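Student: First, the structure itself, so that you have it in front of you.
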Protein chains: 2
Amino acid sequence: MIDHTRYLSGAARAYEESAIRRIGAMGTRVPDLISFAPGYPAPSTFPWDELRAIATELLERRDGNVLQYGGTRGYRPLVEQVVHALTGRGVRTTVDEIIITTGSQQGLDLACRVLADPGDVVFVELPTYSGAIAAFRNLGATLVGVPQDEDGISIQGLHDEIDAVRADGLRARFIYVTPNFQNPTGLLMSARRRLEVLELARQHNLLIVEDDPYGSLYFEDRTRVEETRPMKADDTDGRVVYLGSFSKTLAPGFRVAWLTAAPTLANRVELAKQATDLCSGVFDQRIVHQAMARGVVQAMAPQLRTLYQEKCAVMESALRETLGDDVSWTSPRGGFFLWARFAPQVDDLRLFDRAIANRVSFVIGSAFYVTDDGHRLARLSFSAPTPEQIVEGVRRLGRAVAELSSPSHLHAG
Amino acid sequence: MIDHTRYLSGAARAYEESAIRRIGAMGTRVPDLISFAPGYPAPSTFPWDELRAIATELLERRDGNVLQYGGTRGYRPLVEQVVHALTGRGVRTTVDEIIITTGSQQGLDLACRVLADPGDVVFVELPTYSGAIAAFRNLGATLVGVPQDEDGISIQGLHDEIDAVRADGLRARFIYVTPNFQNPTGLLMSARRRLEVLELARQHNLLIVEDDPYGSLYFEDRTRVEETRPMKADDTDGRVVYLGSFSKTLAPGFRVAWLTAAPTLANRVELAKQATDLCSGVFDQRIVHQAMARGVVQAMAPQLRTLYQEKCAVMESALRETLGDDVSWTSPRGGFFLWARFAPQVDDLRLFDRAIANRVSFVIGSAFYVTDDGHRLARLSFSAPTPEQIVEGVRRLGRAVAELSSPSHLHAG
C-alpha cells in the first residue's frame, strides 16, 4: 500500500473533524448513553402515518419523474411552496431566487463557494455553528470571530474586525449569522440588532448569510412570532443569502432544505450545485412537497413549539436542582439548545471525559469557537431525549461535574 | 438591488453551465420533444411494487433512525452490501474504504477536493463526462485531455502529457477514467489497457479515479462479464479511487452512490462530506438497502442488460436506415450511449438547432471535450426513450441533418 498522505490536497490536509459528528460517533459505542450532543429533532414528532400514506401514493402512481433525476434548482411545486412559506414570514421572494439544497449544510458549502475565494474573510459569531466553521474552512476561507451580547452579534465588534481585516489587506466577503435561537447559544437576535447588522453590511459592502433552521420553533410563552422575523424580510437591496430547512420541522433524513438569494447569486449557486450533486433527492422532495401540500408540516409547528419548550423547561429545572450555582445559562426562547457555562475551573474536554464515563454526552463549547475560547461551556441539546432521559442525563452530568471538582470521586462514582 | 456580480468568488465567475443540464432544461420547453440527451435510465424499469412495499414497511416500523440524521459514511448495512457487491466483481475492499455519496457526482466533487488543489492537473479522456469536467474545473483543477483509441485512453498520450505537464512545472494529481461503456463514447477499455494505465500511474506516482456507473449494464451478446472487471480489482497498492452508483441500476431519484478508496483517503473524503452535506438521504439509503437485501437490484440487472441492448439495436438500425453514410459510430457493447460522428461539414451546434426545430435533442459532442473538439459529434442516449420514440427521434434527426446539408429544406421541412 502506498503512503496516501502525500497524495492529499493542501485543503484535505487541513480538514478538521466536526466535534459534533465525532461525539455523535462516540455515542454509538457507549451503551445506555444519554446524549445531549446532536441537534436532532425528537423522533417522536415524525408524522409516520402521513408520510406512509404519501410515500405509498407517490409510488402507486408510477410517475417515472418521482424516481428520475430532477432539476438542479429543485422540484418546482416545492420551490413554489417555499416561496409561499417565506411570504408568510415577511420575505418577498420569487422562484428564481430559490435553490433546493441537500440539507442546509450544502447551502453553507455552496454559499461560501460562490462568495469567497481561498483566503477571503468571513465574519462569524463567537461562538457559531461548528458545521459552518468546517464548511467555510474547508473552502479555505479565513474566519474572523465577532463577540455576541444578549442581543446578538456586536456591531462595534463587527466594525472593529472589518477595519482590522481591511488594514491587513484581506478581502472581507460576508457575515454569517443565525439570528433565531442560535446554534449553540440559543440566543435570539433583537429586532433592532438585525437592522443594525443590515445597515453595517450596506456601509461596508458585505453580504450576509442568514441561517434560519429554528425560526419557527419559538417558545410561545416567551417569544412573539414577530421577533423571529428573518433579516431577509428587511433586505431591500438583495444583500442577504437566506438558508431554511425542513430538517428540524419535518425530518432530517430527507435532506431537504433551501437557499434564497438574489437571482444573480442563485444562478451561480445552481451551477455550483450542478457540479456537486446534480440535484437533491427527488423522491425526498416529492414527499416533503406532499407533506406541505397536505398541511402536515404546518400542523406540526405548534406541537413542536410546545414540545421543545416543555423539554427545555425540564432541562432547566433539572440543571437548577442538580447543579445549582455550578452552572449558569441564558434561558432559551426557542430552538434546540441550552448553552451551559460552568465554574472557571471546569475544562470542557475534561468534563466531557467524565461525562462519557457517566454515560452522558454533550458538545464541548470550544468546538463552536474560531478562537481558543469556550472551554467553560457546553452545548446541551434538549430536543431529542425524552423528559425522563433529560432528568437522568442531567443527574449524570452533575456527577461528572462533581468528579471534576473533587477528584476523589473518580473511583467512588 | 445591488450589483451582485462584484460579490462573486473568482471560482463562481468561471463556472460553466453543464451542457447536458442546459439541454435537459430546454427539453421541458419544447412540446412533444423526443430526447436523446440525458443519461436517464428507462423509467419503465423502476420496480414500483417492490419499492412501495419497502417504503411502507420502513415507515410502519416507526424506527426514528429511518428519518433522522445518519452517519457521514452512510448506513452501515448498506455499506456492507456495497463491500459484498464489489467482492463479486473482483474488488477486495472493507467497510473502512467506503463512503456513501449523494450520487456519483458528489463522489467526483469530493475526490477532487481531497486530491487536487487549485491549479493542479487532472488528466481526462478526450472526450469525457461533462459533469466531471464541471466538478473538477469548479474546484480550480487544470484539465489535460488525452486521446482515446478503441481500447481506451492512449498510454503514449498519457506519457506525453505527463511529461509536458511536469516540464511546465505543474503538479499532476490523478487520471480520471470511465473504463466501462464510457460516457459519452460508450467505449469499453480493454483488459490490457486497464493494466497498462495502472502501471503507468505507478511509474508516475499518480492516482486514478475510476468512474463505473455502467459496469453491470453490459450487452450479453457482445461483452463477457470479465471484460467489465474494474481497474480497482487489480489495484494492489491502493492507487484507485472507485466510484459506483445505484442511479443506473435501481433509480437516480434516491441519489445513492458510493466511493471506495484506501482508508487514509476515505477518512479525508468523510471529512469533506461532513462539511458538504453531513450525510446522504437516510430514508433513501434505507430503501436502497432493502432493495439490495430483497434481491430487487440483483434481479433487475439481467433485465436491464437485455432492455438496453434492444434499445441500442433499435437506434443503430434506425440510424443506418435513416442516415446511411451520413453518420458513423463504434457499436456500443453496453451502457446508455451511442457516440455519433457526422460528415465533416456538420457542426454540432448548428445540428442541435435544427434538431430542436424538429423536436429531437441530444448532447453536442463539444460539451465532452476539454479541448476545442468534438464539433462533428453527438451523444445519443438510447436508454430512456421507448423503441418507438427512438425510431421517430432518429427520423427527426435525419430531417435535421438533411436541412443542414441543403438549406433549401429549411422552409420545406
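Student: Quick one: putting +1 on the C-beta of Lys and Arg, -1 on the C-beta of Asp and Glu, what dipole do you get for the protein assembly as shown around its Cα centre, in Debye to the nearest 20?
Tutor: Working: 90 positive and 102 negative charges, 173 e Å.
That gives the protein assembly as shown a dipole magnitude of about 840 debye.
Student: Moving on to the next point. Roughly how crowded by other chains is peptide A:199-211, in terms of the mean Cβ count from those chains within 10 Å of each of its Cβ atoms? Could the numbers behind the result be given before it?
Tutor: Details: counts 0, 0, 0, 1, 0, 0, 3, 1, 3, 0, 0, 0, 0.
Per residue, the number of nearby Cβ atoms from other chains is 1 on average.
Student: Further question: Using 1/(1 + (r/R0)^6) with R0 = 30 angstrom and r between the beta carbons of A:Glu220 and A:Glu199, what's the FRET efficiency to the nearest 0.05?
Tutor: After rounding, the FRET efficiency stands at 0.50.
Student: For the interface of chains B and A, what total accessible area is buried with a 1.4 Å probe, rounded to the nearest 100 Å²? Mind dumping the intermediate values first?
Tutor: Details: alone 18200 and 18190 Å², together 28750 Å².
It comes to approximately 7600 Å² buried between B and A.
Student: For B:Asp373 and B:Arg29, what does the FRET efficiency come to when R0 = 25 Å and r is the distance between their Cβ atoms, rounded to the nearest 0.05?
Tutor: Approximately 0.30, to the nearest 0.05.
Student: Would you mind listing the distances between the A:Gln345 label point and the same position in each other copy? Use 7 Å along Cα-to-C-beta, nm, one decimal, shortest first.
Tutor: Here A:Gln345 shows inter-copy label distances of 9.3 nm.
Student: Which of A:Pro41, B:His375, A:Ala135 sits closest to the plus end of the dipole of the protein assembly as shown, meaning its Cα is farthest towards the positive end, when Lys and Arg get +1 and Asp and Glu get -1 on the C-beta?
Tutor: Positive-end residue among those listed: A:Pro41.
Student: Sticking with this one: Tell me which residues come under 5 Å, amide H to amide H, from B:Ile34 once H is placed; ignore anything under 5 positions away on its chain.
Tutor: Result for B:Ile34 returns B:Val360, B:Ser361.
Student: Now, a different point. Hey, got the dipole for the stretch B:302-413? About the Cα centre, +1 on K and R Cβ, -1 on D and E Cβ, debye to the nearest 20?
Tutor: It works out to roughly 220 debye.
Student: A follow-up question, please. 7 Å from Cα along Cα→Cβ at both B:Glu150 and A:Ala343: what's the point-to-point distance in nm?
Tutor: A separation of 8.3 nm, rounded to one decimal place.
Student: How big is the C-alpha Rg of the stretch B:200-274 next to the rule-of-thumb value 2.2 N^0.38 Å, as a ratio?
Tutor: So the Cα radius of gyration is 1.27 times the expected 2.2 N^0.38 Å.
Student: Let me ask something else about it. What Rg and what Dmax come out for the stretch A:284-343 when only alpha-carbon atoms are used, in angstroms?
Tutor: My reading of the Cα-based Rg and Dmax gives 16.7, 50 Å.
Student: Now for a separate question. Taking B:Pro302 in one copy and the same position in all the others, each labelled 7 Å out along Cα→Cβ, what are the pairwise distances from the first, in nm, shortest first?
Tutor: Label-point separations across copies, in nm and ascending: 5.8.
Student: Over the stretch B:263-375, with a single point scatterer placed on each C-alpha, what log10 of the ratio I(q)/I(0) does the Debye formula yield at q = 0.13, 0.19 1/Å?
Tutor: Treating every Cα as an identical point scatterer, log10 I(q)/I(0) equals -0.83, -1.02.
Student: Under 37 °C and 0.692 mPa s, how fast does the stretch A:120-232 diffuse according to Stokes-Einstein, given a Kirkwood radius computed over C-alpha pairs? Answer in µm²/s, whole number.
Tutor: Translational diffusion coefficient: 230 µm²/s.
Student: Just need log10 I(q)/I(0) for the stretch B:256-306 at q = 0.18 Å⁻¹, Debye formula, equal scatterers on the alpha-carbon atoms, no solvent, rounded to two decimals.
Tutor: -0.76
Student: While we're here: In debye to the nearest 20, how big a dipole does the stretch A:55-169 give about its Cα centre with +1 on each Lys and Arg Cβ and -1 on each Asp and Glu Cβ?
Tutor: 640
Student: In addition: Taking B:Lys273 as the anchor, which lysines have their alpha carbon closer than 24 Å to its alpha carbon, excluding any fewer than eight residues away along the same chain?
Tutor: Output for B:Lys273: A:Lys248, A:Lys273, B:Lys232, B:Lys248.
Student: Could I ask something else about it? Looking at the stretch A:181-268, what % of its DSSP beta bridges pair antiparallel, to the nearest 5?
Tutor: 50
Student: Next question, about the same structure. Residue farthest toward the positive end of the dipole of the stretch B:76-124, with Cβ of Lys/Arg at +1 and Asp/Glu at -1: which of B:His84, B:Cys112, B:Thr102?
Tutor: Of B:His84, B:Cys112, B:Thr102, it is B:His84.
Student: Among rounded, prolate and oblate, which fits the stretch A:42-151 when a ≥ b ≥ c are the square roots of the eigenvalues of its C-alpha gyration tensor, a/c under 1.5 means rounded, and a/b larger than b/c means prolate? Walk me through the intermediate numbers first.
Tutor: Values: a/c = 2.12, a/b = 1.85, b/c = 1.14.
Taking the square roots of the gyration eigenvalues as a ≥ b ≥ c, the stretch A:42-151 is prolate.
Student: Using the Karplus curve 6.51 cos²θ - 1.76 cosθ + 1.60 with θ = phi - 60°, work out ³J(HN,Hα) for each residue of the stretch A:339-354 in order, rounded to whole Hz, and write x for Gly and Pro.
Tutor: Each residue of the stretch A:339-354 in turn: 9, 9, 10, 9, 4, x, 7, 7, 9, 4, 6, 5, 4, 4, 4, 5 Hz.
Student: Another one. Provide a list, ordered by number, of residues in the stretch A:91-114 showing at least 30 Å² less accessible area with every protein chain present than when their chain is taken on its own, using a 1.4 Å probe.
Tutor: A:Thr102, A:Gln105, A:Asp109, A:Arg113, A:Val114
Student: If you average the alpha carbon positions of the stretch B:142-197 and of the stretch A:276-312, how far apart do those two centres end up, in angstrom?
Tutor: Comparing the Cα centres of the stretch B:142-197 and the stretch A:276-312, I get a distance of 46 Å.
Student: Please report the antiparallel percentage of DSSP beta bridges with both residues in the protein assembly as shown, rounded to the nearest 5.
Tutor: The antiparallel proportion sits near 50 percent.
Student: How large is ³J(HN,Hα), in whole Hz, for each residue of the stretch A:263-277 in order, when computed from phi with the Karplus curve 6.51 cos²θ - 1.76 cosθ + 1.60 and θ = phi - 60°, using x for Gly and Pro?
Tutor: x, 4, 6, 4, 4, 6, 4, 4, 5, 4, 5, 3, 7, 9, 8
Student: Which length gain, in nm to one decimal place, applies between B:Arg294 and B:Ala164 when the Cα-Cα distance is subtracted from 0.36 nm times their residue separation?
Tutor: 41.7 nm
Student: Starting from 0 in steps of 5 Å, tell me what percent of the Cα-Cα pairs of the stretch B:315-413 lands in each bin.
Tutor: Percent of Cα pairs in each bin: 2, 14, 24, 28, 19, 9, 3, 0.
Student: At each listed q (0.09 Å⁻¹), what is the log10 of I(q)/I(0) that the Debye formula gives for the protein assembly as shown modelled as equal alpha-carbon point scatterers?
Tutor: These q points yield log10 I(q)/I(0) values of -0.87.
Student: Expressed in whole Å with the largest first, what are the equivalent ellipsoid semi-axes of chain B derived from the C-alpha gyration tensor as the square root of 5 times each eigenvalue?
Tutor: 33, 27, 22
Student: Sticking with this structure for a sec: Determine, from the Cβ-Cβ distance of B:Glu17 and B:Asp325 and an R0 of 35 Å, the FRET efficiency 1/(1 + (r/R0)^6), rounded to the nearest 0.05.
Tutor: So, using R0 = 35 Å, E works out to roughly 0.55.
Student: Shifting gears a bit: Where in the stretch A:29-57 does accessible area fall by at least 50 Å² between the isolated chain and the complete protein assembly, at a 1.4 Å probe radius?
Tutor: Buried on complex formation: A:Tyr40, A:Trp48, A:Arg52.
Student: Given a 1.4 angstrom probe, what's the average accessible area per residue across the stretch A:1-158, in square angstrom?
Tutor: Heavy-atom accessible area per residue stands at 36 Å².
Student: If you don't mind, there's one more thing I want to ask. Could you give me the ³J(HN,Hα) list for the stretch B:72-89, computed from phi with Karplus coefficients 6.51, -1.76, 1.60 and θ = phi - 60°, whole Hz, x at Gly and Pro?
Tutor: 5, 6, x, 5, 3, x, 5, 4, 5, 5, 4, 4, 5, 5, 5, 4, x, 9
Student: Hey, can you grab everything whose amide H is under 5 Å from the amide H of B:Leu217? Only 5+ residues off in sequence or another chain; H modelled, so Pro and N-termini drop out.
Tutor: B:Gly335
Student: Given all pairs of different Cα atoms, what value in angstroms does the Kirkwood hydrodynamic radius of the stretch A:185-336 take?
Tutor: Value: 17.8 Å, from the Cα pair sum.
Student: List the relative contact order of chain A as a percent without decimals, with contacts defined as Cα pairs under 8 Å and 6+ residues apart. Walk me through the intermediate numbers first.
Tutor: Values: 777 pairs, mean separation 95.4, N = 413.
Contact order relative to length: 23 percent.
Student: Still on this model: Over the stretch A:260-345, what is the relative contact order in percent, taking alpha-carbon pairs closer than 8 angstrom and at least six residues apart?
Tutor: Answer for the stretch A:260-345 is 17 percent.
The values are calculated or read from the model by the stated rules, or taken from the named source; none is laboratory data. Just so you know, these numbers come straight off a predicted model, no measurement behind them. Note that each Cβ is placed from the backbone with ideal geometry, even for glycine, and that neighbours are counted across all protein chains shown. Quick note on the areas: whole protein, heavy atoms, side chains included, nothing else; ligands and nucleic acids left out. Shrake-Rupley method; radii C 1.70, N 1.55, O 1.52, S 1.80 Å.
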